[in-house]
Each structure stands twice: as C-alpha cells, then as structure tokens.
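Working notes, beginning with the structure itself.
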Amino acid sequence: MTAMLQRQVGIFFALIATFMATSAAAGAAEKIVALTFDRETNTLFMARAHELYRSKGEDWGWTKIALPPGVQGNAIAAMAAPAKRTGVLYLAGPGFGVLRSSDDGRNWVARNDGLPSGDIVALAAHADQPDTLYAYIPGKGIFRSEDAGAHWKWMDNGPREGIGQFIHSNMPGSMQTGWLLVATPKGVRRSMDCFCLWQDAGELAAPVNAVSYDPREPRNVYAATAKGFFLSTDGGEQWTRLSAPTSRITAFAVSPAGAVYAGTADGGLYRSVDQVKSWERIGA
Amino acid sequence: MRSLGPIVCLVLTAGIAPARAGDAAPATIESELIASGRTIYQQHCAACHGARGEGAPEWRQRDAHGELPAPPHDAQGHAWRHSDTMLYRMIMEGWRDLFNKTGRLTMPGFAGSLAPQEIHSVIAYLKTLWTPEQRLFQREESHRQSLQPAAR
C-alpha cells in the first residue's frame, strides 16, 4: 500500500514538473524582476525570479544562464552589470546575498563580507566606477562596496519608505560622484551618493516599481509606477506620463542607444525606440 | 558659510610635520587649530549654520525661494559624510544644489575671505561636533578619497 502511494506521489510530481517545463517553454513565464545592460558588449540581461537569460545584440536569441546552487530555492530580486567590466554580472536576492560572475554567468562567487545578512532586495552598480556597488537590506540600510563586492560598508539607512529598486546615476551636480535614484512605495526618492539628504523627486505620489535613466542624458529619468510610465527631463523634478505596454511594468532598462526595454508582470518583454511613443513586444 | 560639513583633527594633524624637540606638542597644535577654527566658524559660518552647528530650521525642505536651507554641521547633519578634500573644496569654492530654483549658489565660496589654513582649522573644529562613529566614518572616507582619482 505504502509503495503504491509513493509511486502515485512520484508520478504526480513528475507530471507537475513536466507541466511546469512545458508551460515555461510555451511562454507562460514568471514576471520579469530585473533587466540590465552590459554597456560594454550591448548585452541585455533579463531575470525572472528563478531564471536568468542574456541576449547579445538585438537578435533576441536568448541564452539561458544556469543559476548557481546558492540561488536555487530562492528568488532573484536584483541584478547589476558594472561599467567598464566585460562579462561581469551581479545577482542578488533574499537568502543568497550577492553573487558575482566574471565569465558571463558560467561561474559564480558569493560576495557578502560585511553585509549583516543576505536578505538583499536591491542592488545597483555605480555608473562610472566599475568596482563600486550598492546593496539594500530592509531594516539594515544601504551598503557600499568599492572592491567588486569583496567587502561591504554600511552607508545609510536609506529613505524611510524603504527601497524596492534603485540605480546609480552619473547625472552632474553631485557633491560626490553621482546620485542614487530610488523606487519607493510613495514615489521616486533621490540622494547624492554621499547620502547627505533624501528628497522627493517630483510628485509622482504613487508606488514605483522601477526607476532608471538614459545614459546618453542622465537628467532624463524614467519611472514605472502604479499609475503608468513617466519621464522626467530635469532629473526628477517634473514628470510627464508616457505610453506604456498594457501590462504593468515591473522592471526596465535603457540601452546605450536610448532604447527602453520593459519587462512586465505577466512575463512579457517590450521595447521602445522612439522616446517611448510606442512599444513593440519582442521575444522573451 | 552654508552647507557641508566637518573633518577630524586626527586627519588634519596627520598632514603636519612630526614634532621635533622644542616644537609645540601635537595636542597643543590640535587644540590651537580647533580654537582658531571655532573663532572663524563663529565669524563666517554661524549666521547660517547656527552658533552650535545646529543648522537652519527645516533644513531638509526647500524654502519659499526653492533653495535648501543651511544644514547642521553637528551630528545631526551630513558634513561628517564628506572627506577632508571635499569639505575643503566646498568651503573654498562654494556649491550649488542642482535643483536650486534660483541662480544663486546654495553655499557661497570663501576663497576670497579665508586662507587655506583657516579653512583647515574650521574643518578641524567641525569634527569636534560629531560622534566618534561619525569621525571614524569620515576618516575612512578621507583616506578612501585620497586613494582615488579626483571626485567629479
């Protein structure tokens, strides 16, 4: 009786696994949680909670990157590609902290020394300094590494609303080396990277899922919110609503050429090459 | 003097030549530097940043002109987040908030009214307004920046 039950349970799970694999192959995908560009190689990386892909150039031939054992069973929350470092990618998420690959995702190394826990929900690479990273742990604050994640140092508590996602920008005018633009439940918040003062970036007053900027003109800041997709051309003071794909944007990235790539809650990937006047769905 | 903040005496005195027989002891030099800095601060900085470095009220919010009020320089402010080099540069050259709604500098520069040694002494004084943890943080930032290319 027991053996029969075990066999039936085994068949059940095998069917479930087959169904899930088939569904994934058919495109019933998880939401896209992070998108980032390796600007050196024009490679777009796309992360779902449990999957990671890359596409070089714009042929949309996606290559699946095997996740390291440390990630399996956990969910990816953030991803960052550093400036001026070809083949380097960072992954982060609650439970596994920060992982670094220097060979296009073939091998991964944990980089958590100095972090109080591995419960990272946001990760950003410095816009210009290749070995500088920022990581956010709820309740613990923002940590900075200047040696490619080998060591981390507490920098600030972050905005009181918390951080869902953030990005480092080289927009001019900082006392230090740039700015941090932060997606919070109450809008975009902004601070110079000396962490002197967190300020509201305009008056979006809505939950923000993601924020990024045009690397050709860093004062052009985009925000994906619960109210829609917005652009600010003055560093986050005034915002203009743009068109958006039908689904909720959960992550987006701006290419070196200024094209905007947006991932959605239903797993779709879209691109706009006309200053976000229109979108086209692309393979993902 | 508006905006920006402090530095630690230990860092400043690190740039002073080692004491020789007959020279004033380092501790004396430090205390003289700080005393000088306190006097200069009261003359040039206190009007905006407060007599005790407490800053302007509501300094986190832009005023009616769209300008950021002068922040504190004590432990409640953010001067301790900046390296010695950055503090010196800001006092010397001034600084304009990128989102300032007027054409004015957010903090005026003092290159025309303070000598380099006077600026160093003000910075030494500001460091006395911070917590030990903030002084340590700032010392590390100063060391870090000394190892990097010039900040933007």
Taking B:Arg60, is it basic (Lys, Arg) and away from every other protein chain (no Cβ under 12 Å)?
-> no
Answer yes or no: is there a residue in the stretch B:114-128 that is without any contact (Cβ under 8 Å) to a residue 40 or more places away in the chain and in contact with a helix residue (DSSP H, G or I) (Cβ under 7 Å, 6 or more places away or on another chain).
-> yes
Between residues in the stretch A:167-180 that are within 7 Å of chain B (Cβ to nearest Cβ) and residues that are among the acidic types (Asp, Glu), which pairs lie under 9 Å by C-beta distance while being six or more apart or on different chains?
-> A:Gly173/B:Asp97; A:Ser174/A:Asp193; A:Met175/A:Asp193; A:Gln176/A:Asp193; A:Thr177/A:Asp128; A:Thr177/A:Asp193
Do any strands (runs of 3 or more DSSP E) entirely within the stretch A:159-246 hold 1 or more residues that are over 17 Å from A:Val276 (Cα atoms), and if so, which?
-> A:165-169, A:179-184, A:187-192, A:208-214
Among the residues of the stretch A:131-157 satisfying the criterion of being among the small types (Gly, Ala, Ser) and within 14 Å of chain B (Cβ to nearest Cβ), which is surrounded by the most Cβ atoms within 10 Å (Cβ to Cβ)?
-> A:Ser145
Candidates A:Ala80, A:Ala28 - the one that is modelled with pLDDT of 95 or more and either more than 29 Å from A:Ser169 (Cβ to Cβ) or in contact with a Ser or Thr (Cβ under 8 Å, 6 or more places away or on another chain) (or both) | A:Ala80
Taking the stretch B:96-121 on its own, how many of its residues are over 23 Å from B:Arg60 (Cβ atoms) and either touching a Leu at 6+ places or on another chain (Cβ under 8 Å) or surrounded by fewer than 16 Cβ atoms within 10 Å (Cβ to Cβ) (or both)?
-> 8
Tell me, which residue of the stretch B:122-152 that is surrounded by 15 or more Cβ atoms within 10 Å (Cβ to Cβ) and within 12 Å of another protein chain (Cβ to nearest Cβ) is farthest from B:Cys48 (Cα to Cα)?
-> B:Gln145
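Checking the condition modelled with pLDDT of 95 or more and surrounded by fewer than 18 Cβ atoms within 10 Å (Cβ to Cβ), which residue from A:Ser117, A:Ser101 passes?
Details: A:Ser101 fails: surrounded by fewer than 18 Cβ atoms within 10 Å (Cβ to Cβ).
A:Ser117 is the lone residue from the list that is modelled with pLDDT of 95 or more and surrounded by fewer than 18 Cβ atoms within 10 Å (Cβ to Cβ).
Take the residues in the stretch B:67-104 that are of a type in the set (D, E, K, R) and part of a helix (DSSP H, G or I), then tell me which one is farthest from the other protein chains (Cβ to nearest Cβ).
Kept after step one, since they are of a type in the set (D, E, K, R), are these residues of the stretch B:67-104: B:67, B:74, B:81, B:84, B:89, B:93, B:96-97, B:101, B:104.
In the following step, the residues that additionally are part of a helix (DSSP H, G or I) were identified as B:81, B:84, B:89, B:93.
Numbers: B:Arg81: 5, B:Asp84: 14, B:Arg89: 9, B:Glu93: 11 Å.
Ranking the qualifying residues of the stretch B:67-104, first place goes to B:Asp84.
Tell me, yes or no, whether the stretch A:256-265 has at least one residue that is among the aliphatic types (A, V, I, L, M), within 14 Å of chain B (Cβ to nearest Cβ) and either out of contact with any strand residue (DSSP E or B) (no Cβ under 9 Å at 6 or more places or on another chain) or without any contact (Cβ under 8 Å) to a residue 40 or more places away in the chain (or both). Walk me through how you get there before you give the answer.
Of all residues in the stretch A:256-265, those among the aliphatic types (A, V, I, L, M) come to A:257, A:259-260, A:262, A:265.
Right, trim to within 14 Å of chain B (Cβ to nearest Cβ) and you get none.
There is no residue in the stretch A:256-265 that is among the aliphatic types (A, V, I, L, M), within 14 Å of chain B (Cβ to nearest Cβ) and either out of contact with any strand residue (DSSP E or B) (no Cβ under 9 Å at 6 or more places or on another chain) or without any contact (Cβ under 8 Å) to a residue 40 or more places away in the chain (or both).
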Go through the residues of the stretch A:219-228 one by one and say whether even a single one is closer than 20 Å to A:Leu181 by Cβ, touching a Gly at 6+ places or on another chain (Cβ under 9 Å) and without any contact (Cβ under 8 Å) to a residue 40 or more places away in the chain.
-> yes
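The values are calculated or read from the model by the stated rules, or taken from the named source; none is laboratory data. Being a predicted model, the structure only gives us computed values, none of them experimental. Cβ coordinates were reconstructed from backbone atoms using ideal geometry, including for glycine residues, and neighbour counts include every protein chain displayed.
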